[in-house]
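The values are calculated or read from the model by the stated rules, or taken from the named source; none is laboratory data. These numbers were taken from a predicted model, which means no experiment stands behind them. Ideal geometry is used to build each Cβ from the backbone, glycine not excepted, and the neighbour counts take in all protein chains shown. Areas reflect the complete protein model, heavy atoms only, side chains present, ligands, DNA and RNA absent. Shrake-Rupley method; radii C 1.70, N 1.55, O 1.52, S 1.80 Å.
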Amino acid sequence: MKMKRLTIISCLLLLGIMNSSFAQAKKEKPLYKDANAPVEKRINDLVSRMTLEEKVYQLNQVLVGNNDNPNNVGEAVKKVPAEIGSLIYFGYDPVFRNSVQRHAMEESRLGIPILFGYDVIHGFRTIYPISLGQACSWNPELVKRSCSVAAQEARISGVDWTFSPMIDVARDPRWGRVAEGYGEDPYTNAVFAVASVQGYQGTDLSNTKNIAACLKHYVGYGASEGGRDYTYSEISKQTLWNTYLPPFEAGVKAGAATLMSAFNDISGVPASSNHYTLTEVLKDKWKHDGFVVSDWDAVKQLIRQGVAGSKKEATLKAFQAGVEMDMNDRYYLQSLAELVNEGAIPIEKINDAVGRVLRVKFRLGLFDNPYIPVKAEDKRYLLPENLKTVEKLVEESIVLLKNEKNTLPLSTKSRLAVIGPMAKNKEHLLGSWSAHGKAEDVVSIYEGLESEFKNMKLLYAEGCDFDGNDTSKFAEATKVAQGADAILVCLGEKKTWSGENGSRTLSLPQIQENLLLELKKLGKPIVLILSNGRPLELNRIEPASDAIVEIWQPGVNGGRPVAGILSGRINPSGKLAMTFPYSAEQIPIYYNMRQSARKNKGGYQDIPNNPRYEFTYGLSYTTFKYGELKASQLKIKHGDKLVVEIPVTNTGIRDGAETVHWFISDPVCSITRPIKELKFFEKQVIKAGETKIFRFEVDLDRDFSYVDETGKRVLESGDYFISVKENNIIVELVN
Ligand code: BGC
């Protein structure tokens, strides 16, 4: 009885204290609420007012709304804690979003806004090509503009933060997540990391058209063993520095607000408990002042990965390594305060982590502008100028892989058979992680053809399903195709066949391949349209196809550009950002491998050793002739400026765009280096008959050096090869 009375009294007392401090906090306008005060002062002021519990809340992210991600079925919060740091927000209704934010602003003691995060990967509602396709455009400016379309749609729907870009260098096309990144090359990933960070964040995060970016998955996730998801990755420090870290360094330098710690285990130390990468490299060396969020349940996974025996230990390891925010598993919520109270984690470290989260919120302007305007959906999404931007990106991302006897363009044909499960499909053109994209928004290949080829008769048959063994629709397809001048076979992958947990071998299901082979028997030109999220193995169907067009997963506006390429209205300019192996047995195969110790030896006896299509491969309807490669000097000293140039002439009768890729090689060095390394690329439109000069201003320190295993840049004297296609020049760097 006595105990009960005591408890009631202490509760009343506590309430009294809380009430009076609440009233006090309301009375004076604290510094952190002053929009004109410098951000660092606001952070310090706010942190000094926070209790440990309030701080811990800031370091956690839980979910709200209808979670539609099959890989991450988490428990949505029933009632959002007003103090929570961040929410994964699956909604897009501004009224609901504002009500959740109001709850935080008005019902928490300090009124700290919630940071709303979501996977805006290749568009919010206006879905554009998957990142692997974007990279094939070699047009970072266009990618930047598309990311800014995504940012606008997201922010106005209440999302302040995207878990994008994914910049994991990936060399195993069986890994489903190759769809989400920019291919196999570190430099390419770095360039597109910068473009997308600039597109999402703009120059000022507080502008309500911009959102915070998140570089993921830090780091080395692309090296997951065997292309299986969530596996171990064996990465030496040398490889970490030369292959996996460069895109992240570029993204951090471009100002990316946040990073996400990865699922993989880097040679025995999981990426999410890796002090070296998360603190020594990211915070100490690169001076990143935003925060790191764990990937989904990545703190919890430390137990499965075998470096922690309990929730508390997993929390301790991840937090001490440098993960500031815990996504979904609530481990930090449950254990951080206890670890601080026990003295295992110093409060200064908590303050630093909280400060990092708050910094991003302040920079986003969330304290001063926590709510979003309520606008109707047709004022937010699929706006005509935005659709134009993403259509252009589709156009440039498409790669013409084969065009025997100028089968394409199809301008002279009058009856076209359009066959295959992808021909009228809309859903799968969206690709994985298609956010709030809707199939009904998509222009299918067939619809694109209808509006492009007004005078051509289109004959359609589905032919078969994406997989399974049912060949019953083959007969109809053959019948339909008999009446055509050319047959367009539209094959590919469902959107769930790539992306997270989407590892597969590289062949299309037999049923799709057999459909094409069946149609081939008619002896008419076969044009294969491929929509997929990874490089494919094409051994059976490549020889049977006269032309092959890789359209990736183009998003909402795919149909028209595909039709435009088929008609010749558009001259294809995409080039591969990832090697197409001859067969899966060749993996690993990528352009920047090391030299074999024996010339022309050591390959497989029973399959070719060259890939089907190599990195940067892609055809055009015109022809380009490369002139003489010239350097401003052939002997250079440290500190000199070196400029290399090559003229390229469009020798065909159509205008076209050409991307020139500049590679360097260092044949003799203290460490072995890749056969060649991409260092620069440039795309220019060249009119028929015109010559354009492509120029590469070499920065010796940046372009000739390598990074040693301690992260130090090393530039050695000696010969360097600079090459463009088969054109080479040797320059000597002297002491
Ligand atoms: C994925 C991340 C994603 C996160 C949140 C994870 O499973 O690996 O890429 O951002 O879920 O949805």
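Tabulated values for the structure
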| quantity | calculated |
| --- | --- |
| Residues of the stretch 326-340 satisfying the condition of being more than 16 Å from the ligand (Cβ to nearest atom) and open to solvent by 50 Å² or more (accessible area, probe 1.4 Å) | LEU333, GLN334, GLU338 |
| Residue ranges of strands (runs of 3 or more DSSP E) in the stretch 613-726 with at least 1 members small (Gly, Ala, Ser) | 656-665, 718-724 |
| Selected residue (only one of LEU522, LEU536 is assigned to a loop (DSSP other than H, G, I, E, B) and within 30 Å of the chain's Cα centre (by Cα)) | LEU536 |
| Residue match in the stretch 231-252 (condition: surrounded by fewer than 19 Cβ atoms within 10 Å (Cβ to Cβ), within 14 Å of the ligand (Cβ to nearest atom) and assigned by TED's automatic domain parsing to the domain that holds GLU184) | yes |
| Residue among VAL80, VAL159 that alone is over 30 Å from SER573 (Cβ atoms), among the β-branched types (Val, Ile, Thr) and within 14 Å of the ligand (Cβ to nearest atom) | VAL159 |
| GLY343 exposed (fewer than 14 other Cβ atoms within 10 Å of the Cβ), assigned by TED's automatic domain parsing to the domain that holds THR203 and either in contact with a strand residue (DSSP E or B) (Cβ under 7 Å, 6 or more places away or on another chain) or modelled with pLDDT of 95 or more (or both) | yes |
| Residue check for VAL323: under 22 Å from the mean Cα position of the chain (by Cα), within 16 Å of the ligand (Cβ to nearest atom), open to solvent by less than 40 Å² (accessible area, probe 1.4 Å) and within 25 Å of ALA256 (Cα to Cα) | yes |
| Some residue of the stretch 488-496 being within 16 Å of the ligand (Cβ to nearest atom) and crowded, with 23+ Cβ neighbours inside 10 Å | yes |
| Test: residue in the stretch 694-708 that is open to solvent by 60 Å² or more (accessible area, probe 1.4 Å) and on the phi > 0 side of the Ramachandran plot | no |
| Close pairs (8 angstrom Cβ cut-off, 6 or more residues apart or separate chains): within 13 Å of SER670 (Cβ to Cβ) in the stretch 699-718, among the polar types (S, T, N, Q) and part of a helix (DSSP H, G or I) anywhere | TYR706/ASN242; VAL707/ASN242; ASP708/GLN238; GLU709/GLN238 |
| Filtered residue count, the stretch 93-147, keeping only those that are in contact (Cβ under 8 Å) with a residue 60 or more places away in the chain, among the hydrophobic types (A, V, I, L, M, F, W, C) and within 16 Å of the ligand (Cβ to nearest atom) | 6 |
| Any hit, the stretch 600-614, residues being open to solvent by less than 20 Å² (accessible area, probe 1.4 Å) and closer than 27 Å to SER414 by Cβ | no |
| Test for GLU500: is it open to solvent by 10 Å² or more (accessible area, probe 1.4 Å) and within 16 Å of the ligand (Cβ to nearest atom) | yes |
| Residues being closer than 18 Å to ALA170 by Cβ and of a type in the set (A, V, I, L, M) - total across the stretch 557-580 | 3 |
| Number of positions in the stretch 421-438 that are away from the ligand (no atom under 16 Å from the Cβ) and under 26 Å from ASN469 (Cβ atoms) | 9 |
| Where LEU142 falls short, out of the listed (1) over 27 Å from SER224 (Cα atoms); (2) not in a helix (DSSP H, G or I) | (2) |
| Identity of the residue in the stretch 345-369, under 25 Å from TRP296 (Cβ atoms) and free of Cβ contacts under 8 Å to residues at least 60 places away in the same chain, that ends up farthest from the chain's Cα centre (by Cα) | ILE345 |
| Any hit, the stretch 373-389, residues being of a type in the set (A, V, I, L, M), open to solvent by less than 30 Å² (accessible area, probe 1.4 Å) and in contact (Cβ under 8 Å) with a residue 60 or more places away in the chain | no |
| Pick from the stretch 638-655, criterion touching a strand residue (DSSP E or B) at 6+ places or on another chain (Cβ under 6 Å) and not β-branched (Val, Ile, Thr), ranking: surrounded by the fewest Cβ atoms within 10 Å (Cβ to Cβ) | PRO647 |
| Residues satisfying the stated conditions in the stretch 390-405, i.e. open to solvent by 10 Å² or more (accessible area, probe 1.4 Å) and touching a Gly at 6+ places or on another chain (Cβ under 8 Å) | GLU395, GLU396 |
| Residue list for the stretch 166-182, filter: outside any helix (DSSP H, G or I), crowded, with 24+ Cβ neighbours inside 10 Å and in contact with a Phe, Trp or Tyr (Cβ under 7 Å, 6 or more places away or on another chain) | ILE167, ASP168, VAL169, TYR182 |
| Among residues of the stretch 543-599, those that are open to solvent by 30 Å² or more (accessible area, probe 1.4 Å) and without any contact (Cβ under 8 Å) to a residue 40 or more places away in the chain, counted | 6 |
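Residue by residue, here is whether (1) touching a Cys at 6+ places or on another chain (Cβ under 7 Å); (2) open to solvent by 10 Å² or more (accessible area, probe 1.4 Å); (3) within 16 Å of the ligand (Cβ to nearest atom) holds:
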residue	(1), (2), (3)
VAL149	no, no, no
SER164	yes, no, yes
GLU184	no, no, no
VAL191	no, yes, no
TYR200	yes, no, yes
ASN207	no, yes, no
HIS217	no, no, yes
